[in-house]
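**Q** One structure coming up, written as structure tokens, with questions to follow.
The values are calculated or read from the model by the stated rules, or taken from the named source; none is laboratory data. Values in this document were obtained by computation on a predicted structure and should not be read as measured data. Because the Cβ atoms are built from the backbone with ideal geometry, glycine has one as well, and the counts that use them run over all protein chains shown.
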Amino acid sequence: MDERVSGTLCDEMRANTALPQRVLAALAVTIFATACSNSGAEEARSASRKTTTTSTSTTTTSTTSTTIAPIVAPDGLGQGASGPAVMELETQLAAQKYDPGKVDGRYDLATFHAVMTFQKIHGLKRTGRATSDVLNKIGNVGAPGALLPGGGANRVEVDLPRQILQLFKNGQLYRVVDVATGSGKRYCVDGECATAVTPGGSFKVFFRRNGLRVSRLGKLWNPLYFNGGIAIHGAPSVPAYPASHGCVRIPMYVSEWFPGQVPNGTPVYVIGGSKAAVPFNEAAPDGTKGTAGPASTTTTVPATTTTTKGGVFPPPNTTTTTAPPTTTTTSGVTN
């Protein structure tokens, strides 16, 4: 009922006191019911408008949240991950001369080793996983610096303290990879025992073999000999810590391209270790011990890097763990 009509009826009721009380009562009930009905309808329309607005707002918020959802898991990136974040990570690693393998957005074993190398270079926890410390740092640093800038245009630098190898070609850093060198432990082969050590010094690559070679120093894949029977060679296991019988282990995928970039005669500088004998006085397969340059004493590794701006990653929050610091040495295991 229109409010003006109900008001008129009320006036008439007050004016016409002669109307029977039952009629007045009936009119009063009708007016009250109509007013309540109108009020309820208005409240319903208002509630409907509020509901519609809230629903629209909720839908918009949900869409926005999905669009800006983080692309990096809270515990970082690891083997098996894939997508734009991994692609950007691999791109950054390759630009800084690490070797993540094919830049394809897939976090495979090559990406794992490249991240491990980055962690070794920058003093981060050696996990091979791109955790927040890696992702926060990689966009703000450049390629690693040379340890021996005067060592020649083409050379190999083996950094024992940080367990990395840097290959220089034509005076420029070509690749940096992670390695595992002598564990420093005693081990025995056929009743003879020796200490697993990678001697420091200046050497040259003098002999090589394709494929697998087995010696008292272990199993060597595509070895490049530079100090008697000590070689740079591929190995299935390249952990975050020194673990070999004396050789310089590199990941298997690296050993596929590395010999082709390092001809015989290339200088090899083993930095951060003392002069020592080759375990078992092991010689190369041709019977020679190689020609070494002046042996170095223990050397402090310069912690130099160049700084450039790079890409930005969503920084995940995570904790990391370190690799176990132990290894066993038995006859026949990989060097």
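**Q** Among residues belonging to segment 248-282 that are hydrophobic (A, V, I, L, M, F, W, C) and in contact with a Leu (Cβ under 7 Å, 6 or more places away or on another chain), point out the one that is farthest from V179 (Cα to Cα).
**A** So the residue we want is V262.
**Q** Could you please find all residues in segment 215-233 being surrounded by fewer than 23 Cβ atoms within 10 Å (Cβ to Cβ) and under 22 Å from P267 (Cα atoms)?
**A** W221
**Q** Considering only residues that are in a strand (DSSP E or B) and not aliphatic (A, V, I, L, M), which ones fall in segment 136-166? Break it down stepwise before answering.
**A** Taking segment 136-166 and keeping what is in a strand (DSSP E or B), we get 144, 155-159, 164-166.
Selection gives P144, R155, E157, D159, Q166.
**Q** Can you name the strands (runs of 3 or more DSSP E) wholly within segment 167-232 that have at least 1 residues being free of Cβ contacts under 8 Å to residues at least 12 places away in the same chain and touching a strand residue (DSSP E or B) at 6+ places or on another chain (Cβ under 9 Å)? Break it down into steps so the answer makes sense when it comes.
**A** Working: elements: 172-178, 186-189, 192-195, 201-204, 212-215, 218-227.
It comes to 192-195, 212-215.
**Q** Go through (1) closer than 24 Å to R129 by Cα; (2) assigned to a loop (DSSP other than H, G, I, E, B) for R249 and report which single condition fails.
**A** (2)
**Q** Under 8 Å between Cβ atoms, which residue pairs at least 6 apart in sequence (or on different chains) link something in segment 82-100 that is in the same structural domain as L135 (by TED's automatic domain parsing) with a partner that is outside any loop (DSSP other than H, G, I, E, B) and among the acidic types (D, E)?
**A** P100/E90
**Q** Can you report the number of residues in segment 168-202 which are aliphatic (A, V, I, L, M) and crowded, with 22+ Cβ neighbours inside 10 Å?
**A** Step one: list which residues in segment 168-202 are aliphatic (A, V, I, L, M), which gives 173, 176-177, 179-180, 189, 194, 196-197.
From the residues that got through so far, the ones that are crowded, with 22+ Cβ neighbours inside 10 Å too are 176-177, 179-180, 196-197.
Residues in segment 168-202 being aliphatic (A, V, I, L, M) and crowded, with 22+ Cβ neighbours inside 10 Å: 6 in total.
**Q** Among the residues of segment 110-133, what is the count of those that are more than 21 Å from A180 (Cα to Cα) and part of a helix (DSSP H, G or I)?
**A** Residues in segment 110-133 being more than 21 Å from A180 (Cα to Cα) and part of a helix (DSSP H, G or I): 2 in total.
**Q** For segment 122-147, what are the residues that are modelled with pLDDT under 95 and in contact with a Phe, Trp or Tyr (Cβ under 6 Å, 6 or more places away or on another chain)?
**A** L135
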